[in-house]
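Remarks on the structure that follows.
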Amino acid sequence: MVTNLNVDTALLQEAIELEREIAIETLVEIALREYIQRRKQPQNLELSFGESLNPFREKYQLHELGLNPDEIWGDIRDRTFVGREVIFE
C-alpha cells in the first residue's frame, strides 16, 4: 500500500540525522511498530506495588532463576528489633 504522509519536515530531518543511512520508509515502520507496542501495553497505572509485582515476576520468569532473597540480602537485612522501638512517655 502506497501512502502519502504529511510529516513535520524538521522532525523528519532530525530523525534522519540521528541515523544517516536509514530509509524514510524504515523510519516510519519503526515509529509505527513502537506506537503499536506502546498502545498494546496496559495503561492502568493505578495498580499497587503488589498487584504489579506478580505480572513482573511472570514476564521475566523470576521463579525459574531460583533466587533466594535470604542468600542475597541476608547480610544486609537488619533482623533485630533494636533501634526500631519507639517509646512514648
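Of a type outside the set (A, V, I, L, M) and open to solvent by 100 Å² or more (accessible area, probe 1.4 Å), is that true of E34? No; evaluated as a whole, the condition is false for this residue. Residues in segment 52-59: is at least one at pLDDT 80 or above, open to solvent by 80 Å² or more (accessible area, probe 1.4 Å), among the aromatic types (F, W, Y) and at negative phi? Looking for residues that are at pLDDT 80 or above, open to solvent by 80 Å² or more (accessible area, probe 1.4 Å), among the aromatic types (F, W, Y) and at negative phi, one finds at least one in segment 52-59, hence yes.
For segment 60-85, a tally of residues being open to solvent by 100 Å² or more (accessible area, probe 1.4 Å) and at pLDDT below 70 returns 6. Going residue by residue through segment 24-39, is there one that turns out to be at pLDDT below 85, among the β-branched types (V, I, T) and in a loop (DSSP other than H, G, I, E, B)? Checked segment 24-39: no residue is at pLDDT below 85, among the β-branched types (V, I, T) and in a loop (DSSP other than H, G, I, E, B).
The values are calculated or read from the model by the stated rules, or taken from the named source; none is laboratory data. Model, not experiment: these values are computed from the prediction. Side chains included, ligands, DNA and RNA excluded: accessible areas come from the protein's heavy atoms. Shrake-Rupley method; radii C 1.70, N 1.55, O 1.52, S 1.80 Å.
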